[in-house]
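Okay, so here's the structure we're looking at.
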Amino acid sequence: MGIKEHLRGKVSNNELVKVVRGFEIVGDVVIINIPDEILHLKDLIVDAILKNHKVKTILRKVGEVSGDFRIARYEVLYGGETETIAKEFGCRFLVDPTKVYYSSRLSSERERIARMVKDGERVLVMFAGVGPYAILIAKLSKPREVVGVELNPKAVEYFRRNVKLNKVEHVVRVYEGDVRDVVPRLKGRFDRIVMPAPYSAKDFVYLIADKIEKGGYVHYYTFAGEEEEEELPSKVGGLFKRHRMVVEVLNVRECGSFAPRVYRYVIDLKVVDFI
């Protein structure tokens with residue numbers, strides 16, 4: 001029985017329509033949105049969740065992802081311990097959503113990218129977080145090396161622990177710092193670069209031209225309104241061209257919602273030449 005079904009008959013219809021049906025589960029921590037106007041129903045909502053899910057903590061999201069560390073704000077509705085282990089496709093990720101960015105809703109997208117990696121590739125993951133892209137690539141494909149760069153010191157700590165937890169120390173390299181400082185210092189070029197920061201990836205495209213192989217692939221993430229989807233190939237192609245790269249747009253894919261009629265998109269690109 002879902003939350004709305006559990007509450008039906010216990011609250012007014014006006015209140016019921018404001019109840020969010022879905023929520024995110026990260027390990028054994030639940031993250032849910034509850035509008036202020038029905039916050040008085042929080043105990044009933046907690047009871048509804050606990051009837052169907054064995055979890056240790058329930059968090060209410062009270063602020064969107066923001067800042068250089070891309071962290072949302074939460075308040076505890078139930079429990080209290082926020083560190084947990086999330087599982088994805090045979091991998092385990094130690095994470096605390098109150099201290100680092102992590103979304104279980106992107107697990108299928110991360111798997112998609114990982115399975116695209118060809119044997120022997122050298123891969124760079126910018127804004128690597130606690131390591132889900134880098135580690136899944138290492139576990140599900142056969143790359144030569146995966147380099148992950150992350151700014152948030154707490155996320156870097158979890159990233160390093162997750163590398164050991166998943167036994168990929170021989171493949172994954174962790175770098176702490178701003179991509180603007182770290183990426184130019186990395187030696188050589190990469191066969192594939194992942195840019196999973198839709199808020200700001202456009203500001204870091206200038207780093208790519210000196211680090212991607214000709215014929216290499218870039219996975220570029222951005223937010224856009226649904227009415228902008230048709231324009232994304234030309235818009236992103238133009239962005240890369242301004243930074244000395246001619247790209248072929250291989251795929252434009254919606255991979256999550258951000259707001260009403262605003263979505264997260266990934267644009268898969270092949271760098272075919274340099275200007």
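The values are calculated or read from the model by the stated rules, or taken from the named source; none is laboratory data. Just so it is clear, the model here is predicted, and its values are computed rather than measured. All Cβ positions, glycine included, derive from the backbone under ideal geometry; neighbour counts span all protein chains shown. SASA here: full protein model, heavy atoms, side chains in, ligands and nucleic acids out. Shrake-Rupley method; radii C 1.70, N 1.55, O 1.52, S 1.80 Å.
Summary of computed values
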| quantity | calculated |
| --- | --- |
| Filter result for Tyr175 (without any contact (Cβ under 8 Å) to a residue 40 or more places away in the chain, closer than 30 Å to Phe93 by Cβ and among the aromatic types (Phe, Trp, Tyr)) | yes |
| Top-ranked residue of the range 187-200 - restricted to ones that are open to solvent by less than 10 Å² (accessible area, probe 1.4 Å) and at pLDDT 95 or above, ranked as nearest to Val236 (Cα to Cα) | Met195 |
| Residue check for Asp47: more than 25 Å from Phe159 (Cβ to Cβ) and either in contact with a Lys or Arg (Cβ under 9 Å, 6 or more places away or on another chain) or open to solvent by less than 80 Å² (accessible area, probe 1.4 Å) (or both) | yes |
| Test: residue in the range 202-221 that is surrounded by 15 or more Cβ atoms within 10 Å (Cβ to Cβ), of a type in the set (A, V, I, L, M) and part of a strand (DSSP E or B) | yes |
| The range 239-258, residues that are open to solvent by less than 80 Å² (accessible area, probe 1.4 Å), not in a strand (DSSP E or B) and not hydrophobic (A, V, I, L, M, F, W, C) | His243 |
| Some residue of the range 133-153 being assigned to a strand (DSSP E or B), over 30 Å from Glu83 (Cβ atoms) and open to solvent by 70 Å² or more (accessible area, probe 1.4 Å) | no |
| Those residues of the range 1-24 which are touching a residue at least 12 places away in the same chain (Cβ under 8 Å) and not in a helix (DSSP H, G or I), in sequence order | Met1, Gly2, Lys10, Val11, Lys18, Val19, Val20, Arg21, Phe23, Glu24 |
| Candidates Gly90, Gly79, Gly22, Gly63 - the one that is exposed (fewer than 15 other Cβ atoms within 10 Å of the Cβ), among the small types (Gly, Ala, Ser), over 15 Å from the mean Cα position of the chain (by Cα) and at pLDDT 95 or above | Gly90 |
| The range 204-230 residues that are touching a residue at least 60 places away in the same chain (Cβ under 8 Å), paired with ones that are assigned to a strand (DSSP E or B) and of a type in the set (Lys, Arg) (beta carbon under 6 Å, 6 or more apart) | Tyr217/Arg192; Tyr217/Lys270 |
| Identity of the residue in the range 259-270, part of a strand (DSSP E or B), touching a residue at least 24 places away in the same chain (Cβ under 8 Å) and over 16 Å from Ala201 (Cα atoms), that ends up least open to solvent (accessible area, probe 1.4 Å) | Val262 |
| Every residue from the range 93-126 that is part of a loop (DSSP other than H, G, I, E, B), in contact with a helix residue (DSSP H, G or I) (Cβ under 9 Å, 6 or more places away or on another chain) and open to solvent by 30 Å² or more (accessible area, probe 1.4 Å) | Lys99, Tyr101 |
| Output for the range 25-44, where each listed residue is assigned to a strand (DSSP E or B) and either acidic (Asp, Glu) or open to solvent by less than 50 Å² (accessible area, probe 1.4 Å) (or both) | Val26, Val29, Val30, Ile31, Ile32 |
| Scope the range 104-129; condition within 20 Å of Arg160 (Cβ to Cβ) and aliphatic (A, V, I, L, M); matching residues | Ala114, Val123, Leu124, Val125, Met126, Ala128 |
